[in-house]
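Okay, so here's the structure we're looking at.
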Amino acid sequence: MTFEHLGLVPPLLRALQDQGYEHPTPIQAQAIPILLKGRDLLGSAQTGTGKTAAFTLPILQKLYQNEGSGKRKVKALIVTPTRELALQIDENCKAYAKYTQLRSTVIFGGVKQHKQVQALRNGVDILVATPGRLLDLMGQGYISLNHLEFFVLDEADHMLDMGFIHDIKKIVAQLPKQRQSLFFSATLPKEILALSKSIVGNPERVAIEPEQATAEKIDQEVYFVSKKQKIELLTHLLSEEVDEDVLVFSRTKHGSDKIVRKLTKAGFKSMAIHGNKSQNARQRALRDFKEGDVRVLVATDIAARGIDVEELPFVINYDLPNVSETYVHRIGRTGRAQASGMALSFCDWEERSYLRDIERLIDQKLEVVEDHPFVETEAPAQQASGSGNSGRSSGNQGNRNRSRRNHSRKRNY
Ligand code: AMP
């Protein structure tokens, strides 16, 4: 199956090629034809399955085919519970719409509204929004939904968990009756189905099993380590324990450059891919990594989208993501297809709450690696001044090394 088979128009195909997507994911293969036919959709799929492209591509295609002249009006509204998701969706829209004239913007709370209002004034085709800010700006008269053709409610179960149900109802009450509606939720318990009935008409249903990878195929371990010593832990693992290529995730662009600088100094061939690098530089890094010329690829979450490296045995989370779903995304980079994988996470004191959230989301406790040389056991403020970290354990380091090496050898990478 290719994207051509799904009937996507050339500007979208070109953009997908730029993203490095080769084949549609299962939800894309199922949902895109349904949506191109103009049907409503009720989808159960998690973030990480490729659902954003599954809904944005057909919307972009239909808007592209019917593009008129004159000032742009909001024709597609995508409502999602968090600022991070909203930003990601908008970023995807922009990437996929790169070779069209279509415009998207994103609005969310917690920041001043001025820039968002300005973007709306300039005219957009696609609006990505979190519920509160959307209602707020609608109330102030900055947003008209009179010309809306597409409405997407994303992560409906999270919306409910986060107490957005009334906001959603208020938003839906203001949508034109004639529209195509898409409703996504990872789970579909009764109250979610009830909500869906008020939004989608007689929808087609698409269900994608959560990536089984997370729980079953990927060994996940966590290392408690101080922020300062993460780099030492990384170089230690690369020289002592992990023989293979590694994808390292860093939360920030700056952070990923810093990691690469330090790894290079320590003699490891590494490269960073992030939003400040040109498309060419990113592709070159990815190619070198795939071909084995670069052993460590350091990526930010956004840049890692679209990375498709077969049989990637190791993912290391240098920082834990503050959005738990991102963790599932990241570790989904390993353990693809028939391969099993290994995901190691570094967790400093401040990140422990992120770890709890992640464990809640995946409904699983990560195995704590206790026998490494940089264990952080106490909050930084409580540590003896100048002593760096506590609990330098030598323990059965030898066993640990052996087991990690066995792990990679066992899988013949
Ligand atoms: P999503 O579930 O929409 O958040 O997407 C999960 C990740 O998969 C994102 O990083 C996307 O950029 C990436 N992705 C989506 N579709 C494809 C595809 N067909 N091939 C490769 N990567 C994809």
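The values are calculated or read from the model by the stated rules, or taken from the named source; none is laboratory data. What you are looking at is a predicted structure, and each value in this text was computed from that prediction instead of being measured. Backbone-built Cβ (ideal geometry, glycine too); neighbour counts: all protein chains shown. These accessible areas exclude ligands, DNA and RNA; they are computed on the full protein's heavy atoms, side chains included. Shrake-Rupley method; radii C 1.70, N 1.55, O 1.52, S 1.80 Å.
Assorted remarks:
- Matching residues, the stretch 44-57, being more than 16 Å from the chain's Cα centre (by Cα) and within 11 Å of the ligand (Cβ to nearest atom): L57
- Number of residues in the stretch 163-183 that are closer than 19 Å to K75 by Cβ and either open to solvent by less than 60 Å² (accessible area, probe 1.4 Å) or of a type in the set (V, I, T) (or both): the value is 9.
- In this structure, V124 qualifies as crowded, with 17+ Cβ neighbours inside 10 Å and in a loop (DSSP other than H, G, I, E, B).
- Test: Y99 is away from the ligand (no atom under 13 Å from the Cβ), within 26 Å of R14 (Cα to Cα), touching a Lys or Arg at 6+ places or on another chain (Cβ under 8 Å) and open to solvent by 20 Å² or more (accessible area, probe 1.4 Å): yes
- Any hit, the stretch 194-208, residues being open to solvent by less than 70 Å² (accessible area, probe 1.4 Å), at pLDDT 90 or above, of a type in the set (A, V, I, L, M, F, W, C) and part of a loop (DSSP other than H, G, I, E, B): yes
- Residue match in the stretch 95-117 (condition: touching a Cys at 6+ places or on another chain (Cβ under 6 Å) and not in a helix (DSSP H, G or I)): yes
- Taking the criterion of being among the basic types (K, R) and assigned to a helix (DSSP H, G or I), the only residue of the stretch 67-86 that qualifies is R83.
- Among the residues of the stretch 175-187, just one is part of a loop (DSSP other than H, G, I, E, B), touching a Leu at 6+ places or on another chain (Cβ under 8 Å) and of a type in the set (A, V, I, L, M), namely L175.
- Positions within the stretch 322-353 being modelled with pLDDT of 90 or more and open to solvent by less than 30 Å² (accessible area, probe 1.4 Å), in sequence order: A343, L344, S345, F346, C347, D348, E351
- Once the stretch 67-95 is narrowed to residues that are within 15 Å of the ligand (Cβ to nearest atom) and either farther than 23 Å from Q118 by Cα or β-branched (V, I, T) (or both), the residue that is surrounded by the most Cβ atoms within 10 Å (Cβ to Cβ) is T80.
- Put simply, of N389, N396, N401 the only residue that is at pLDDT below 50 and open to solvent by 70 Å² or more (accessible area, probe 1.4 Å) is N396.
- In the stretch 13-31 there is at least one residue matching the filter, namely being more than 13 Å from P58 (Cα to Cα), modelled with pLDDT of 95 or more, charged (D, E, K, R) and out of contact with any Cys (no Cβ under 9 Å at 6 or more places or on another chain).
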